[in-house]
Amino acid sequence: MALSPSPSSPIKPHFTISILHTQLIHQSMAMMKASLLLAFFLLSAGTLARHQQQGQQWQQQNQCQINRINALEPFDRVQAEAGVTEFWEPENQQFQCAGVEFIRHRIQPGGLLLPSYVNTPLLSFTEQGKGVLGVVLPGCPETYESSSQQQQQQQFSDPSQRRGQRIQDRHQKVQNLNQGDVAAIPAGAAHWIYNDGNEELVVVVFFDTQNNANQLDANRRRFYLAGNPQAQSQQQQGQWQPMRQQQQGQSHRNAGNIFNGFDVEFLQEAFNVDRETAEKLQGQRDQRGHIVRVQQGLQIIRPPQSRQEQEQEQRGYGNGVDETICSLKLKENIDNPSHIDFANPQAGRISNLNNFKFPILRHLQLSVARGELHRNAIQPPQYMLNAHSLLYVTHGSLRVQIVNNQGESVFNDQLRRGQVVVIPQNFAVIKKANEEKARWISFRTNDNAIIQNLAGRVSAIRSLPVDVVSNAYQVSREDAQKLKYNQQQTTLFSPSSSRGQGWPSA
């Protein structure tokens, strides 16, 4: 006979399994909630990061929402013992849009611009005078040495016999600078300039601060290897002084070359010199500034301006294939007739240096153009497909008009010698010379900048079907034919090619 269970009997096994199952369900639900919260957090963080990145990109792009462009002149200057450097304001909206900066060195005869390097690639143009440029490329051999010194060294095989002889000097190659020379210097490459002529050496320098080679922020930073560059600037007063102090150091103690920040003992060991020499390396007592005067001339090993070198420059450029960074040419004269791409005897000429003519520009992702317009000649409306452009007038003056994407004129004024204007990518521009010949240099943020003309024999309007032109501008087919084919000149227009004589005054 079976007995019925008493109240104190144990719980049946299937009840225990049900409770465990319920607990497992609760735990699974808790884990799912945690996973969902984690996924939501990660999604929110990723979305926030994307929004921040998009915001930064929008902010950078919004810097090119320019309603007005102005002709710019130097905003500040820093005087040194043997020259002066003039600065254009880097915070100007034009420079911020293009991500570029611009300065001008004026070096007196016998002046030496101290060795330094910057965090951006740069292009320099020698506007006036002549001199010597030295560039130090990491890992490249010191190929320049005096043959007479080498012979003296070979005559004495015993080092003790050579102690009384003058120490042989070897260094990397230097370049002769002449008017019209464009020099290309990679980011971080130390360089210096010396004026060995009898007149002031004027060199303008273009910096691409948004270049891929710059891994810092979008500010040009110059690192000096010698002297006390800010000794002069700290004593000067100017509108840009607070900005310069903020960027380059608040006190005289911090305003020096890079060796100034190291301990003297470390420098003694690193260079194997005495303490006095190590202290001079820091340049704390040097009051000459960033351009110093060389007494009795600079004794360096330099290439002669031989006939062979002149013929090589006349022939043009290398093939750009079998050249290494050490053998690449760092200098080309854009005024050389071999670089002329477009010429009109009645209007002027245009010369370009791109990655094909000047292979190192492929590494820097920059290019240069040199323009010349004769009296009252016109460069037709055009825009640049893939680059910003900085235009600097070197002779005469230009009447320039620039139009934005909304069809509004953002610049309609004279551009005189020594002034700068930035032409943003895709903004349309037209130039006309005044009563005298005008010349300019244009720096571009692409190693193969492409231009689209809007008028002339090779232009966007000429390439459109006549019915498209007729309907787009609400003109007859006859007038559309005139728009397409009346102008037979290409890149530069002589005054006689246009019925309109002169532009309305600004």
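Things to note:
- The accessible-area ordering, largest first, of the residues Trp192, Trp440 stands as Trp192, Trp440, per a 1.4 angstrom probe.
- The string of couplings for region 77-89 from the Karplus curve (6.51, -1.76, 1.60, θ = phi - 60°) is 9, 10, 8, 10, 4, 10, x, 9, 10, 9, 10, 8, 5 Hz, one whole number per residue in order, with x for Gly and Pro.
- Toward the positive end of the charge dipole of region 368-506, with +1 on the Cβ of Lys and Arg and -1 on the Cβ of Asp and Glu, the farthest Cα among Leu391, Ile461, Asn446 is that of Leu391.
- Taking all protein chains as shown and a probe of 1.4 angstrom, Lys482 keeps an accessible surface of around 100 Å².
- Linear extension gain, Val458 paired with His395, 0.36 nm per residue minus alpha-carbon span: 19.9 nm
- Relative contact order (percent, whole number), region 322-449, Cα cutoff 8 Å, 6+ residue spacing: 31
- The charge dipole of region 426-489, taken about its Cα centre with unit charges on the Cβ of Lys, Arg, Asp and Glu (plus for the first two, minus for the last two), comes to roughly 160 debye.
- Cα-centre dipole for region 384-506 with unit charges at Cβ (Lys and Arg positive, Asp and Glu negative), debye to 20: 320
- Stretchable slack from Asn448 to Arg417, in nm (0.36 nm times residue separation minus alpha-carbon distance): 8.5 nm
- Residues in region 422-498 average 50 Å² of solvent-accessible surface per residue, probe 1.4 Å, ligands and nucleic acids excluded.
- Average Cα contact separation per residue, region 369-506, under 8 Å, 6 or more apart, as relative contact order %: 32
- Each residue was assigned an accessible area with a 1.4 Å probe, and for Glu101 the value is about 20 Å².
- Spatial separation of Cα centroids for region 353-384 and region 163-222, in angstrom: 22
- Here Ser327 sits with roughly 60 square angstrom of accessible surface, probe radius 1.4 Å.
- Residue separation of His363 and Gln210 scaled by 0.36 nm, minus their Cα-Cα distance, works out to 53.6 nm of gained length.
- Rounded, prolate or oblate (a/c below 1.5 giving rounded, otherwise prolate when a/b exceeds b/c) for region 342-421 by Cα gyration tensor: oblate
The values are calculated or read from the model by the stated rules, or taken from the named source; none is laboratory data. None of these values were measured; they are calculated from a predicted model. In this analysis, Cβ positions are derived from the backbone assuming ideal geometry, glycine residues included, and neighbour counts consider all displayed protein chains. Quick note on the areas: whole protein, heavy atoms, side chains included, nothing else; ligands and nucleic acids left out. Shrake-Rupley method; radii C 1.70, N 1.55, O 1.52, S 1.80 Å.
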